[in-house]
1. Calculate, for residue 247 and residue 185, the FRET efficiency according to 1/(1 + (r/R0)^6) with r their C-beta to C-beta distance and R0 22 Å; round to the nearest 0.05.
2. For the chain, what does the helix formula give at 222 nm: sum of -39500 (n - 2.57) over DSSP H segments with n ≥ 4, over the residue count, nearest 500 deg cm²/dmol?
3. Above 33 angstrom, tally the Cα pairs of region 3-263 and express them as a % of all pairs, no decimals.
4. Relative contact order (percent) for the chain, with alpha-carbon contacts under 8 angstrom and 6 or more residues of separation?
5. Using per-residue counts of other Cβ atoms within 10 Å, averaged over each peptide, order 100-106, 151-157 from highest down.
6. What order do you get for 49-57, 130-138 when each peptide is scored by the mean count of other beta carbon atoms within 10 Å, highest first?
7. For 113, 243, 229, what's the fewest-to-most ordering of other Cβ within 10 Å of each Cβ?
8. For region 240-264 and region 35-110, write down the distance between their C-alpha centroids in whole Å.
């Protein structure tokens, strides 16, 4: 086994341990079918409440307009699909969805899609090596997943290859910081917390783990992308987090904006 493959397998095993410890997944099919609007397990309700707010915003302000313009079902890649909840929601809207992930776990990975009453394609593949012909899709969505990339330029280049002219690249629920140093500080804190709680740092694969404003501008210039940025409202508690961080002299917290990219 190559060093790269060994690191990948170690990452997946550590990822599985963390997700299970966080209470992800269920033996009840209704758990999956209720997402993101309700976490019937009660173990990650605050997170799913935020995911639901993002999804509703995406439906209303982005997806519905693209549906009206196309006047047909869209071909969509759900990249880093996890348990497939987003693919399921898109399939309910009659879109043709391909759920892509390297995590094939039966509770929190692609094998969990067996719980959904609507079928859609599932593909075990890496971000940077997508098994699709060029110009095959109308939309590529990274739903809480782009930050697992090890090279944003390579990952986005591959996704853009698969998009048709006029296609959209959408980034949902990934943390973004004003300064790169703030994201680096967050990542260091996160690895220390993993080591304390789980006994390992979860860094076998050097994922980037965050977005930052300078990097997004660099990617736009390099890839000839136009970003449209949307800022969902998550309530006053979330809105005031930067003020509380400043008062307590902590690093600025992440924000969760939606980025929609279009070529040229």
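1. On the way: r = 18 Å, r/R0 = 0.81.
Calculated transfer efficiency: 0.75.
2. Details: 10 runs with 105 residues, N = 264.
The helix contribution divided over the chain gives -12000 deg cm²/dmol.
3. Values: 5497 of 33930 pairs.
The answer is 16 percent, as a whole percent.
4. Values: 439 pairs, mean separation 44.3, N = 264.
Worked out over the chain, it gives 17 percent.
5. Details: 100-106: 18.7, 151-157: 16.9.
Answer by packing, highest mean first, reads 100-106, 151-157.
6. Details: 49-57: 17.8, 130-138: 15.8.
Result, highest mean Cβ count within 10 Å first: 49-57, 130-138.
7. Details: 113 23, 243 9, 229 12.
With the sparsest Cβ surroundings first, the list reads 243, 229, 113.
8. Distance between centres, Cα-based: 23 Å.
Read-outs throughout are calculated quantities, based only on the coordinates presented, and are distinct from any laboratory measurement. Computed from a predicted structure; not experimentally measured. When we count neighbours, we look across all protein chains shown, and the Cβ atoms used for this are built from the backbone with ideal geometry, even at glycine.
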